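Working notes, beginning with the structure itself.
The values are calculated or read from the model by the stated rules, or taken from the named source; none is laboratory data. In this text, all values refer to a predicted model and were calculated from it rather than measured experimentally. Every residue, glycine among them, receives a Cβ derived from its backbone with ideal geometry; neighbour counts consider all protein chains shown. Side chains included, ligands, DNA and RNA excluded: accessible areas come from the protein's heavy atoms. Shrake-Rupley method; radii C 1.70, N 1.55, O 1.52, S 1.80 Å.
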Amino acid sequence: MLAQSDIISLHIPATPETSGILNHEAFSKMKTNAILINTARAALVDEEALVEAINTGKIAGAGLDTTSYETIKTASPLLNHDQIVITPHIGANTVESEYLTAEKVVASVLDFFNNQKPIYRLN
C-alpha cells in the first residue's frame with residue numbers, strides 16, 4: 001500500500017506494535033510524490049526519518065497535527081521545513097464537539113443517578 005498511495009493518512013492508536021510504524025524502511029517504499037498526514041499520535045512516525053525522507057526526495061511532504069513534543073522546540077527541523085505543515089493537535093476542539101461531549105456527560109451522570117446503565121461508555 002505504501003508504494004501505491006499518493007497520500008498516507010494515519011488513524012490508528014499508538015501501541016508497542018505501531019510505534020514508529022513510519023520509519024526509514026516505510027518511507028523508502030513510498031512514492032516520491034507521496035504526502036504523509038498524521039492526525040493520530042506522534043509515536044507512529046519516526047520524525048528524524050520523516051525529515052530525512054523529505055530532504056532526500058523520498059516523499060514530497062507531510063501534514064502533522066501531533067509531534068513528539070507537546071510544545072515543539074523552535075530548533076526542530078520539523079518547524080523549519082517548507083514541506084512540512086504543523087497544526088495544533090486540537091482538531092476535535094470545536095463548539096459542536098464540546099457541546100456533544102457535555103451532552104453525553106450529562107446523560108451519563110443522569111443515568112447513574114437514576115440507577116440506569118449509562119448509554120455512553122468508554123469500553
Exercise. State which residue pairs qualify: first residue hydrophobic (A, V, I, L, M, F, W, C) and inside the range 92-115, second residue surrounded by 11 or more Cβ atoms within 10 Å (Cβ to Cβ) and in a helix (DSSP H, G or I) in any location, beta carbons under 9 Å apart, and separation of 6 or more residues or different chains.
Key: 92/98; 92/101
Practice problem: Could you tell me which residue of the range 9-23 is nearest to residue 38 (Cα to Cα), considering only residues that are part of a loop (DSSP other than H, G, I, E, B) and in contact with a helix residue (DSSP H, G or I) (Cβ under 8 Å, 6 or more places away or on another chain)? | Solution: 12
Quiz prompt | From 85, 51, residue being touching a Pro at 6+ places or on another chain (Cβ under 8 Å), among the β-branched types (Val, Ile, Thr) and modelled with pLDDT of 90 or more | solution = 51
Quiz item: Does the range 15-22 include one or more residues that are of a type in the set (A, V, I, L, M, F, W, C), surrounded by 18 or more Cβ atoms within 10 Å (Cβ to Cβ) and at pLDDT 95 or above?
Solution: yes
Quiz item: Would you call residue 65 among the acidic types (Asp, Glu), within 17 Å of residue 2 (Cα to Cα) and open to solvent by less than 90 Å² (accessible area, probe 1.4 Å)?
Solution: no
Practice problem: Determine which single condition residue 53 fails, assuming it passes every other condition in (1) in contact with a Gly (Cβ under 9 Å, 6 or more places away or on another chain); (2) within 16 Å of residue 24 (Cα to Cα). | Solution: (1)
Exercise. Filter the range 78-87 down to the residues that are open to solvent by 20 Å² or more (accessible area, probe 1.4 Å) and within 18 Å of the chain's Cα centre (by Cα), then identify the one that is nearest to residue 29 (Cα to Cα).
Key: 83
